[in-house]
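Beneath this line is the structure, given in structure tokens, with notes to follow.
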Protein chains: 2
Amino acid sequence: MKIVTSIKTLRPILTRAKLQKKTIGFVPTMGALHEGHAELLKRCKKENNLSVLSIFVNPTQFGPHEDFRKYPREKTKDVLLAKKLNIDIIFYPSEEEIYPSGYLTYVKVERLTQNLCGRFRPGHFQGVATVVAKLMNIVSPDTMYLGQKDAQQCVIIKQMARDLNFPTAIKVVPTVRETKGDSKGLALSSRNKYLSQQERKEAAALYRALCLAKEKIRQGVRKASSIIKLIKSCISEGTSGQIQYIECVDADSLQPLKTLRGKVLIALAVWFRKARLIDNIIVTVK
Amino acid sequence: MKIVTSIKTLRPILTRAKLQKKTIGFVPTMGALHEGHAELLKRCKKENNLSVLSIFVNPTQFGPHEDFRKYPREKTKDVLLAKKLNIDIIFYPSEEEIYPSGYLTYVKVERLTQNLCGRFRPGHFQGVATVVAKLMNIVSPDTMYLGQKDAQQCVIIKQMARDLNFPTAIKVVPTVRETKGDSKGLALSSRNKYLSQQERKEAAALYRALCLAKEKIRQGVRKASSIIKLIKSCISEGTSGQIQYIECVDADSLQPLKTLRGKVLIALAVWFRKARLIDNIIVTVK
């Protein structure tokens, strides 16, 4: 496994692979890798000849009062995991390598960035779209792998890649969750590290609430407001979490739904003291 | 020569060329080709194994009251010229092919888009940056050729390509001008078609004024305001043109200069009835 920090070193390696008709798979991350990332990496490894993992805590996707500085950085552990999974290349650039002085260009995706997390994190998705566009140009992957936990991010990146004609297929991999113990069901996230033992346990209620909502829809409930109310009460009654939003939107357009129909994304963000957690499920309503 | 209208058809042709280690040269245009474009195409042809010309009148770079509808479209003549120059591929997409319904993504370059033409054409350079980013992803050229007449466009596209890590070199080719007759010195432009015989003659004053400014700088003038005043009087006294702007800026940062120093871009835009003409020169001041 190679750890590459400069674009200039990375490019010829990938160009050579392309000329040898190797397919390139790519997993962009901010590091602090967990089993969710491992799932992406395994898929990437399985489906491509050459697997590239990028680790870059992207400053432009953090707001001025967000956790950019304290976001977990765990290089040694991340490298070990990548090695274990037989990843070929880790791209590990500095901030200066990605945003050299005099940097001026941003990619914006309209409409899809306005609600859900976008409403509470202005500029976040512009930062995400910009860095992913850059990484796609640097790595030029055949296939890129993203995690469904970041549902809005997946929709926005797919739209951006399609709109700007990136020659890269994008695959979305299901959310990985805690499988046992008190926090069973909790979606894996690097930010779970901010949680106390008690909060981890409480945070498992997010997924339980989403599953309950799904069950209610199965039983015939079609009013978004009823579903939102149900999830709200589950979370506010059983936990110390502060709800930021709970929304039912169309899973493709991300536009809010009053009546549930088609592919429905039920998404939420909840604060547990220092940790802002997000989770979601997609329910297909006939 | 192939004329290709769909991205789906174009991509495999170019991928095949890449695998054969052919270099791809690219000239993006809005058609209505003239000798200025021919210069770009000749350079492209000479320096690459495969030459691609795109012709697309890009709606997103026109303002609501600008000349999108009446912009000259001369497919037959353009195809003949490209054939004569042995261009390999013309990419001639429809509007729907480039901006399919539901299109949402835009590329913006900050600061460089604020003055010169950007001040009078809000959104213009966002449209330009977006379509060029798309075309670079579609064609994936080794080298792209742009004309110096659109000086601000060249600086913005170079910045965008560098910032977003496009693996494409950008070469800027000198402005081609009328070489004889009444309009000698007039920069070639598709919009010159909007000019009457009398206006063509008058419009030649733009370049004469720029050359006079250069001569004054050579003689020691360093105050931008003096140079601007000189150009202004040349144009307003000798022609019916309405000056939109005359600016002296740093040729790289495009920031206005009070005292001329380094690589100075002197740029102007002048309206002749229906035609908005632009021109510029770069003067290196020691």
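The values are calculated or read from the model by the stated rules, or taken from the named source; none is laboratory data. Because the structure is predicted, anything quoted here is derived from the model rather than measured. Positions of Cβ are generated from backbone atoms using ideal geometry, with glycine treated the same way; all protein chains shown enter the neighbour counts. Calculation scope for accessible area: heavy atoms of the full protein, side chains included, ligands and nucleic acids excluded. Shrake-Rupley method; radii C 1.70, N 1.55, O 1.52, S 1.80 Å.
Plainly put, the tip 7 Å out from Cα toward Cβ on B:S6 is 4.4 nm from that tip on each other copy, the closest given first. The residues of the range B:2-173 present an accessible area of 42 Å² per residue when probed at 1.4 Å with all protein chains retained. Summarised as an ellipsoid, the range A:190-280 has semi-axes of 24, 14, 10 Å, derived from the eigenvalues of the Cα gyration tensor scaled by 5 and square-rooted, with the largest first. Considering only Cα atoms, the convex hull volume of the range B:161-213 works out to 119 Å³ per residue. Which shape class, rounded, prolate or oblate, goes with the range A:66-132 when its Cα gyration tensor gives a ≥ b ≥ c as root eigenvalues, a/c under 1.5 marks rounded, and past that a/b bigger than b/c marks prolate? Note, shape of the range A:66-132 comes out prolate. The tail of the calculated P(r) for the protein assembly as shown beyond 48 Å holds 22 percent of all Cα-Cα pairs. Plainly put, the tip 7 Å out from Cα toward Cβ on B:S240 is 7.9 nm from that tip on each other copy, the closest given first. Taking a ≥ b ≥ c as the square roots of the eigenvalues of the Cα gyration tensor, the range A:2-173 is classed as rounded, since a/c falls below 1.5.
For the protein assembly as shown, the share of DSSP beta bridges that are antiparallel, to the nearest 5, is 55%.
Burial of accessible area (probe 1.4 Å, heavy atoms of protein chains only) in the range A:158-178, relative to its chain alone, reaches at least 50 Å² for A:D163, A:L164, A:N165. For the range B:172-286, the share of accessible area belonging to carbon and sulfur comes to 51 percent (1.4 Å probe, ligands and nucleic acids excluded).
Over the residues of chain A, the helix contribution to mean residue ellipticity at 222 nm works out to -12000 deg cm²/dmol, using -39500 (n - 2.57) for each DSSP H run of at least 4.
Would you mind checking the range A:261-281 for residues with the amide N under 16 Å from a putative spin-label position 7 Å along Cα→C-beta of A:H65? Correct set: A:271-276. For the range B:123-147, a drop of 30 Å² or more in accessible area on going from the chain alone to the assembled protein chains (1.4 Å probe) is found at B:K134, B:N137.
When all protein chains stay in place and ligands, DNA and RNA are ignored, the 1.4 Å accessible-area order of B:M144, B:M30, A:M1, largest first, is A:M1, B:M30, B:M144.
To the nearest 100 Å², how much accessible surface do chains A and B cover up together, summed over both, with a 1.4 Å probe? Separately minus together, A and B give about 2600 Å² buried.
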